[in-house]
1. Taking H placed 1.01 Å from N in the peptide plane, check which residues at least 5 places from Thr223 or on another chain put their amide H under 5 Å from its amide H.
2. Mind running the shape call on the range 80-225? Use the C-alpha gyration tensor, a ≥ b ≥ c as the square roots of the eigenvalues: rounded below 1.5 for a/c, prolate if a/b tops b/c, oblate otherwise.
3. According to the square roots a ≥ b ≥ c of the eigenvalues of the Cα gyration tensor, what is the shape class of the range 124-176, taking rounded for a/c under 1.5, prolate for a/b larger than b/c otherwise, and oblate for the remainder?
4. Which of the chymotrypsin sites (Phe, Trp or Tyr not before Pro) across the range 96-188 are loop residues per DSSP, with 15 or fewer other Cβ within 10 Å?
5. With an 8 Å Cα cut-off and a minimum separation of 6 or more residues, compute the relative contact order for the range 98-224 in percent.
6. Going from the alpha-carbon gyration tensor of the range 55-102, what semi-axes, largest first and in whole Å, does one get by taking the root of 5 times each eigenvalue?
7. Between Glu97 and residues 5 or more places away or on another chain, which pairs have amide H atoms under 5 Å apart, with H built 1.01 Å from N, and which residues are they?
8. In Å², and per residue, what accessible area does the range 86-234 have when probed at 1.4 Å with the other protein chains present?
Amino acid sequence: MRRIHSLPVILFAILISVTQAVAVPRRAIPVKAAVVMDSSGTVLYAKYPKAKLAPASTVKLMTAMVVLDHLKPEDIVRISTNASRVKTIPPGICPEEEMTVGDLLHLALMRSINSAAVALAEETAGTEGAFAAMMNQKALELGARDTIFANASGLPRAGTQYTTATDLALIMRAALAYPLIREILATKEYTFRTAAGREIFVENSNHLLWQDQAVVLGKTGYTGNARHCFVGAVDTDKGPVFTAVLGARSRSSLWRTAAMLAEVGAHPELAQGLEMSSKGRGSRRTNMKKNNPLTADMQPKVSVDDLQRSRLQGVFLQSRQDD
């Protein structure tokens, strides 16, 4: 009888707990996929980390690595007519113009100049197609087994070029082992002169680099198919943390999400406020040595408790339209 009388009390307590949880508003994150991974491969947060999605200009991180595996920063590149005609944002580059590998890498990584990426690919492998094959081989070596590259720029190739949030985090981890790539990603503004004396100025498209909070290195991307993308890295007390966002609806939502994920990387306890699937909570680890892919199941919409959101308000940023 005592057990029967105690049952309503237990149910009432559960009801109060559930009611309180439901009453707390949650903030949806409008992205198709995202991941936060520490340097050991532990996943601190993930939303559809294995979804194969268009990568846009985030592919230029792989472009830069393959280029630096074969060329020196001081090597001179003569721009081909083909490279000069590739669709891109300003500043454009001219056929027969000569630039160093290092200067072209600044254009490709800081401002996503597609023609610079193609010029580098042609100088490295002869053709962009041959260079893409080298990119795919490099991806396999890094354990990015759910990624296929079709070109050096990230311009759309329906069904033939895709990556995942998990693979992007692995690629960023590898890219930062190249001192020049790290240096370029940390550069806000860059000016150089071509061999003919033309002066070119570029500003980094990574909006988070310009904030007063912890510096977040990263690479942006956008196409109509891929939407807004970002892969980043932030140094924390426990080492670097890598983040990836694919398919954000707008530039402003991209920066809000990227900033929040960086904050989760710096303060992993904030991940407790993110909605998890019914399969349970907890971090997952990828075996970096065996190059095993990560798996993590999440609900379609992920959010942060309003109680924790106040801690993150300082990193929710306004939109800046870039590549």
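The values are calculated or read from the model by the stated rules, or taken from the named source; none is laboratory data. Note that this is a predicted model, so its numbers are computed, not measured. Backbone-built Cβ (ideal geometry, glycine too); neighbour counts: all protein chains shown. Quick note on the areas: whole protein, heavy atoms, side chains included, nothing else; ligands and nucleic acids left out. Shrake-Rupley method; radii C 1.70, N 1.55, O 1.52, S 1.80 Å.
1. none
2. Here the range 80-225 falls in the oblate category.
3. Oblate.
4. none
5. 25
6. Square roots of five times the eigenvalues give 18, 17, 8 Å.
7. Result for Glu97 returns Ile79.
8. Per residue, the range 86-234 has an accessible area of 37 Å².
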